[in-house]
1. So for the stretch 66-75 (the condition being away from ligand 1 (no atom under 15 Å from the Cβ), under 20 Å from THR202 (Cβ atoms), open to solvent by 30 Å² or more (accessible area, probe 1.4 Å) and charged (D, E, K, R)), does at least one residue qualify?
2. Tell me which strands (runs of 3 or more DSSP E) are completely within the stretch 154-210 and hold 1 or more residues being within 16 Å of ligand 2 (Cβ to nearest atom), out of contact with any Ser or Thr (no Cβ under 9 Å at 6 or more places or on another chain) and open to solvent by 20 Å² or more (accessible area, probe 1.4 Å), or say none if there are none.
3. Check the stretch 42-65 and report whether any residue there is open to solvent by 70 Å² or more (accessible area, probe 1.4 Å), away from ligand 1 (no atom under 11 Å from the Cβ) and assigned to a strand (DSSP E or B).
4. Can we say ASN77 is of a type in the set (S, T, N, Q), under 18 Å from the mean Cα position of the chain (by Cα) and farther than 29 Å from SER129 by Cβ?
5. Filtering the stretch 25-43 down to residues that are out of contact with any Asp or Glu (no Cβ under 7 Å at 6 or more places or on another chain), touching a residue at least 24 places away in the same chain (Cβ under 8 Å) and away from ligand 2 (no atom under 16 Å from the Cβ), which residue is nearest to ILE59 (Cα to Cα)?
6. Could you please give the count of residues in the stretch 110-119 that are exposed (fewer than 12 other Cβ atoms within 10 Å of the Cβ) and in a helix (DSSP H, G or I)?
7. Please indicate, with yes or no, whether at least one residue in the stretch 44-55 is more than 13 Å from ligand 2 (Cβ to nearest atom) and either more than 17 Å from the chain's Cα centre (by Cα) or closer than 20 Å to CYS217 by Cα (or both).
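The values are calculated or read from the model by the stated rules, or taken from the named source; none is laboratory data. All of these numbers come straight from a predicted model, not from anything done at the bench. Note: ideal-geometry Cβ built from the backbone for every residue, glycine included; neighbour counts use all protein chains shown. For the accessible areas, the whole protein counts, side chains as well, though only heavy atoms, and no ligand, DNA or RNA atoms are used. Shrake-Rupley method; radii C 1.70, N 1.55, O 1.52, S 1.80 Å.
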Amino acid sequence: MTLLQSTDLFMRFGGVTAIGGVSFSMSEGTVHCLVGPNGAGKSTFFKMVTGQLSPSSGIVSFRGRNITGLRSSEIVNLGIGIKTQTPQLFDDVSVEENIWLGARRLAQGDPRARVRQLLSDLELTSIKSRLVGTLPHGLRQRTEIAAVLASDPKLILLDEPAAGMSDSDVEQIAELILRLKPSHSFLVVEHDMRFIRRIADTVTVFHQGRIFMEGSCDRVLSDSGVKDIYLGKGLTGNA
Ligand SMILES: Nc1ncnc2c1ncn2[C@@H]1O[C@H](COP(=O)(O)OP(=O)(O)OP(=O)(O)O)[C@@H](O)[C@H]1O
Ligand SMILES: [Mg+2]
């Protein structure tokens, strides 16, 4: 079943066309990765899905419902969570309280139990009282992912979750994503090819604001055209 769909989506900033006609769809219960060189439009696309930006034209729908132009808070309540490229946690609040702020939005179930479960799943229990501002990068990223998962979104958007993380932290995030699938669906922007190979069911390549190619991980990552557009532009890991 189609979970998320965009139809002929455009986003223009003055003279810059950041997204130039993207028709995209992803299925429920899958991990779908979005790749593409810097400036390809990946984060802009995310922002239109979550209501942080209102598209210049086109439609975004989630579970068959048109969500174009809805406010971010409405979209969160419909079940889309996002970890953005920029930090969203409160530095002077503990790990546990940051996750709690997400869990308060839970539509059903016990928020306290949810926080406990996430602390345990992401191996954060031993540091739950630490202030987020004092954490090293990997722990901070993990806390941020836990905070997004706390409200139990159906679709989780992760913008570069592996950036700047150690190999063991990256592996832990990959395991968590695979464990949560298929009851959750993930749309993940990432440059780290090892991570993508580990988690992706489908890969879509963005280039200059459009979809350049889409398909299975193996087919897309071994494509010579995809390698060309990435050349010298931050593709990491062994493709
Ligand atoms: N608020 C804005 N105003 C003007 N131009 C913007 C704005 N946001 C994004 N852009 C432009 O839109 C294009 C796409 O940017 P975007 O951040 O979506 O790329 P990206 O694929 O996420 O890149 P990266 O891999 O570096 O994160 C870029 O040319 C960028 O400069
Ligand atoms: Mg980006």
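1. First, pick out the residues of the stretch 66-75 that are away from ligand 1 (no atom under 15 Å from the Cβ): 66-75.
Subset that is under 20 Å from THR202 (Cβ atoms): none.
Scanning the stretch 66-75, I find no residue that is away from ligand 1 (no atom under 15 Å from the Cβ), under 20 Å from THR202 (Cβ atoms), open to solvent by 30 Å² or more (accessible area, probe 1.4 Å) and charged (D, E, K, R), so the answer is no.
2. On the way: elements: 155-159, 185-189, 202-207.
The qualifying strands (runs of 3 or more DSSP E) are 202-207.
3. We begin by selecting, within the stretch 42-65, every residue open to solvent by 70 Å² or more (accessible area, probe 1.4 Å); these are 47, 52, 54, 59, 63-65.
Now drop any that are not away from ligand 1 (no atom under 11 Å from the Cβ), which leaves 54, 59, 63-65.
Then keep just the ones that are assigned to a strand (DSSP E or B); that gives 59, 65.
For the stretch 42-65, residues open to solvent by 70 Å² or more (accessible area, probe 1.4 Å), away from ligand 1 (no atom under 11 Å from the Cβ) and assigned to a strand (DSSP E or B): present.
4. On the way: of a type in the set (S, T, N, Q): yes; under 18 Å from the mean Cα position of the chain (by Cα): yes; farther than 29 Å from SER129 by Cβ: yes.
The answer is yes for ASN77.
5. Here the answer is MET26.
6. Initially, the stretch 110-119 is screened for residues exposed (fewer than 12 other Cβ atoms within 10 Å of the Cβ), giving 110, 112-113.
Then keep just the ones that are in a helix (DSSP H, G or I); that gives 112-113.
Going through the stretch 110-119 one residue at a time, the tally reaches 2.
7. yes
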